[in-house]
Amino acid sequence: MTSDTQTLVLGGGCFWCTESVFLQVRGLTLVESGYSNGHAPHPNYEMVCTGTSGHNEVVRLAYDPQQISLTELLEVFFLIHDPTTLNRQGHDVGTQYRSGIYCTTSEQRDAAQAMVHALDAAGDFGKPIVTEVEMLSNYARAEEYHQNYFAKNPGQGYCLAVAAPKVAKFRKTFARLAKP
């Protein structure tokens with residue numbers, strides 16, 4: 001990562017789905033599945049799945065703000081998940097699937113809070129947004145088999161039913177932000 005690169009961490013349900021979309025986005029120099037904002041010191045998948053670690057399944061993004069803005073990243077984020085369901089995305093239920101924006105700077109936090117407020121005020125989702133906006137804490141990279149999961153397992157049922165439609169929705173809605 002260069003000195004101009006910024007980092008943002010997003011939780012939008014299962015990290016396989018979120019990662020599969022952001023791997024398609026131009027201007028990102030890193031897309032990594034992981035766990036954040038929990039209390040256990042060394043989370044792993046099994047621990048996070050129990051909901052006892054407090055961690056969220058997330059993707060860590062390193063991006064070049066000259067190529068893609070924080071606003072654009074958040075627009076993609078809000079397109080690909082439901083920010084109105086507390087601790088769930090579709091059939092995935094638990095605190096590890098909560099909607100969250102985890103910031104590395106106070107400027108990111110302020111911008112994310114402003115966007116959540118504006119979307120809520122506009123009523124764009126028909127229900128109140130429950131996305132938490134917090135500073136990033138206790139991040140851990142997920143196990144290797146979770147990295148680039150969709151690309152490695154395109155025929156897996158969950159990938160076909162959940163991840164693939166999210167990727168298609170992103171590519172249709174934000175073609176200008178997609179990698180060639």
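Table for the structure above
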item: Members of segment 35-91 found to be charged (D, E, K, R), in contact (Cβ under 8 Å) with a residue 24 or more places away in the chain and farther than 26 Å from F125 by Cα, listed by number; result: D64
item: Hits in segment 10-48 (condition: assigned to a loop (DSSP other than H, G, I, E, B) and of a type in the set (A, V, I, L, M, F, W, C)); result: C14, L23, A40
item: Looking only at segment 1-53, and only at residues there that are among the charged types (D, E, K, R) and within 13 Å of the chain's Cα centre (by Cα), the one that is nearest to H81 (Cα to Cα); result: E19
item: Pairs with Cβ under 6 Å, 6+ apart, first in segment 93-116 and crowded, with 21+ Cβ neighbours inside 10 Å, second of a type outside the set (A, V, I, L, M) and part of a helix (DSSP H, G or I); result: C103/R109
item: Exclusive hit being modelled with pLDDT of 95 or more and surrounded by fewer than 17 Cβ atoms within 10 Å (Cβ to Cβ), set S137, S53; result: S137
item: Those residues of segment 39-50 which are surrounded by 14 or more Cβ atoms within 10 Å (Cβ to Cβ) and within 10 Å of A140 (Cα to Cα), in sequence order; result: P43, N44
item: Test: K127 is of a type in the set (K, R), farther than 25 Å from G27 by Cβ and out of contact with any His (no Cβ under 9 Å at 6 or more places or on another chain); result: yes
item: Residue among L28, L86 that is hydrophobic (A, V, I, L, M, F, W, C) and either surrounded by 16 or more Cβ atoms within 10 Å (Cβ to Cβ) or within 19 Å of V167 (Cα to Cα) (or both); result: L28
item: Y149, sole failed condition from (1) of a type outside the set (V, I, T); (2) within 14 Å of the chain's Cα centre (by Cα); (3) closer than 20 Å to V25 by Cβ; result: (2)
item: So E46, is it acidic (D, E), modelled with pLDDT of 95 or more and under 15 Å from G100 (Cα atoms); result: no
item: Cβ-Cβ under 7 Å pairs, at least 6 apart or on other chains, segment 160-178 side surrounded by 15 or more Cβ atoms within 10 Å (Cβ to Cβ), far side modelled with pLDDT of 95 or more and of a type in the set (D, E, K, R); result: L177/R26; L177/E72; A178/R26; A178/R171
item: Failed criterion for Y102 (all others in (1) more than 18 Å from L136 (Cβ to Cβ); (2) modelled with pLDDT of 95 or more hold); result: (1)
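The values are calculated or read from the model by the stated rules, or taken from the named source; none is laboratory data. Keep in mind it's a predicted model, so treat the numbers as computed, not measured. Cβ atoms come from the backbone with ideal geometry, glycine included; neighbour counts cover every protein chain shown.
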